[in-house]
Amino acid sequence: MHTQIHESAEDYLETILMLKEENGQVRSIDIVGKLNYTKPSVSVAMKKLRESGHIRMDEDGYITLTPTGLEIAQRIYGRHKLLSSFLRELGVDEKTAAAEACRIEHDLSEDTVEKIRRHLEQMRQQAGEE
């Protein structure tokens, strides 16, 4: 069973993972720039994520995900990539697909996500056979 956290916390964890993949390291100011949130909002969120054991911050302000934070971030980011891909396959443009995937990635059940994953795999296999 997955740890239940707020959607906003999931978004922050996902953003930390994305920034880590893009830049190799993450600080609060990077999150401010990526999400277009205020510095105080990000500071409060980072404090809550530290207190809940989802992130660590070193003395230089670099943020790392803890194992539980990483598990949540990978799950949400995986859903995001899957849903974006699925929407693009339906003909939705890339920017809209990414934005809408962001909105729905938190609300779908594991069962629904798995069915979308299988459907995409079947579509790709059929396309490869033709």
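Here are the numbers:
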read-out	value
Hits in region 87-130 - residues which are more than 18 Å from the chain's Cα centre (by Cα) and either assigned to a loop (DSSP other than H, G, I, E, B) or polar (S, T, N, Q) (or both)	L90, G91, V92, D93, Q122, Q125, Q126, E130
Verdict on R79 being part of a helix (DSSP H, G or I), touching a residue at least 12 places away in the same chain (Cβ under 8 Å) and open to solvent by 70 Å² or more (accessible area, probe 1.4 Å)	no
Selection from region 26-57 of residues that are surrounded by 13 or more Cβ atoms within 10 Å (Cβ to Cβ), among the aliphatic types (A, V, I, L, M) and not in a loop (DSSP other than H, G, I, E, B)	I31, V32, L35, V42, A45, M46, L49, I55, M57
Residue check, G61 among the small types (G, A, S) and either within 16 Å of E21 (Cα to Cα) or in contact (Cβ under 8 Å) with a residue 60 or more places away in the chain (or both)	no
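The values are calculated or read from the model by the stated rules, or taken from the named source; none is laboratory data. Being a predicted model, the structure only gives us computed values, none of them experimental. Please note: Cβ atoms are built from the backbone with ideal geometry, for glycine as well, and neighbour counts cover all protein chains shown. These accessible areas exclude ligands, DNA and RNA; they are computed on the full protein's heavy atoms, side chains included. Shrake-Rupley method; radii C 1.70, N 1.55, O 1.52, S 1.80 Å.
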